[in-house]
Amino acid sequence: MSSAAPFKKGSAADLLWQKIDRRRLPRHIAIIMDGNGRWARRRHLPRVAGHQAGVRAVRRVVESCARIGIPVLTLYAFSLENWKRPRQEVAFLMKLLREYIRTELDTLQRNNIGLQVIGRWQQLPEGVREDVAQAVASTSANRGMQLVVALNYSARAELVDAVNSLLELHQRNGFAGRITEADLAAHLYTRNLPDPDLLIRTSGELRVSNFLLWQIAYTEIWVTDTLWPDFTERHLLEAVYEYQQRERRYGAVTPAAAGRAGSRSVSPPDRR
Ligand code: FPP
């Protein structure tokens, strides 16, 4: 889907795209899609109408990310905590998800997009599980953008699952010493993915809501008041543009500041 002019010439998205440095795009964008319920309430519609409009925003964003060449896009679609919602809303969300998979599969294939799922998705109702497994398998050879959907996901549960998986391995193979950060990262659901460079949250809430807690240690966070169903390619590009204005120091200082302090860095203590 990458092309020289991914947006309509002269559109707000096109103008933003002109300002973006294409060599420094985020390798991984993660999105907490929030505000579907409020979007519906403002229109005196049932909450589920907000989720339906949310799926349209999902389509827009998947298409835009693929067009501009983002390697990985992760969407927080359903958390372990979302089971606390009314039963009908949960059922509707599952139905929407299955519809999305069915209707978008051809588009994913045509655009070489791989679908991956993170979370305890094997615990979802059978029909959803089957559709998800089939879509993941049939797109697994696609080497274009990876679309990662967090389903029945909780970052704390992911860490617990990673620790248990490590424990099992060590029990099988005999204990091999201390566990390192790399060991733990290699047992997360996201083990084959780079950490997100950019985390977007819609609807103005300043929370990370149990999402990718390990992986976002150094992620740049961009929050917009826009509700998810109103999120467009323009918002996406605003986020990417702002991300490129940030200075990522990963706990260090800028070379200029280091020079002023007149000191060389010391060797770090052993992190293992
Ligand atoms: C948050 O809005 C949104 C969700 C919990 C669900 C997100 C799901 C979709 C957009 C549709 C299905 C997803 C895919 C990938 C096809 P909220 O209901 O918490 O909004 P509120 O905070 O305004 O009540």
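Every number in this text was worked out from the coordinates using simple rules, so none of it is lab data. This one's a predicted model, so the numbers in the text were calculated from it and none came from an experiment. As a convention, Cβ positions derive from the backbone with ideal geometry for all residues, glycine included, and neighbour counts pool all protein chains shown.
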Does Phe78 satisfy being touching a residue at least 60 places away in the same chain (Cβ under 8 Å), among the hydrophobic types (A, V, I, L, M, F, W, C) and part of a loop (DSSP other than H, G, I, E, B)? no
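If we keep just the residues of the stretch 63-84 that are of a type in the set (Phe, Trp, Tyr) and near the ligand (Cβ under 8 Å from one of its atoms), which is surrounded by the fewest Cβ atoms within 10 Å (Cβ to Cβ)?
So the residue we want is Phe78.
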May I ask you to verify whether Arg87 is free of Cβ contacts under 8 Å to residues at least 12 places away in the same chain, under 30 Å from Arg191 (Cβ atoms), loosely packed, with under 15 Cβ neighbours inside 10 Å and more than 12 Å from the ligand (Cβ to nearest atom)? no
Residue hits (the stretch 23-50; in contact with an Asp or Glu (Cβ under 7 Å, 6 or more places away or on another chain), basic (Lys, Arg) and in a loop (DSSP other than H, G, I, E, B)) are Arg27
Mind checking which residues of the stretch 225-260 are hydroxyl-bearing (Ser, Thr, Tyr) and within 22 Å of Asn82 (Cα to Cα)? Thr226
Name the residue, out of Arg56, Arg60, Arg43, Arg23, that is within 14 Å of the ligand (Cβ to nearest atom), over 21 Å from Ala77 (Cβ atoms) and among the basic types (Lys, Arg). Arg43
Among the candidates Pro6, Pro46, Pro26, single out the residue that is closer than 24 Å to Ser203 by Cα and in contact (Cβ under 8 Å) with a residue 24 or more places away in the chain. Pro26
Got at least one residue in the stretch 92-108 being touching a Leu at 6+ places or on another chain (Cβ under 6 Å), touching a residue at least 40 places away in the same chain (Cβ under 8 Å) and under 30 Å from Gln18 (Cβ atoms)? no
Restricting the search to the stretch 91-114, which residues are within 10 Å of the ligand (Cβ to nearest atom) and surrounded by 14 or more Cβ atoms within 10 Å (Cβ to Cβ)? Phe92, Leu93, Met94, Lys95, Leu96, Leu97, Arg98, Tyr100, Ile101, Glu104
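Kindly evaluate Arg178 against the criterion of being of a type in the set (Lys, Arg), within 30 Å of Ala91 (Cβ to Cβ) and in contact with a Lys or Arg (Cβ under 8 Å, 6 or more places away or on another chain). Lay out the reasoning, then the answer.
Details: of a type in the set (Lys, Arg): yes; within 30 Å of Ala91 (Cβ to Cβ): no; in contact with a Lys or Arg (Cβ under 8 Å, 6 or more places away or on another chain): yes.
Taking the combined requirement at face value, the residue does not satisfy it.
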Residue, nearest to Ser79 (Cα to Cα), within the stretch 157-198, restricted to residues that are under 28 Å from the mean Cα position of the chain (by Cα) and of a type in the set (S, T, N, Q): Thr190
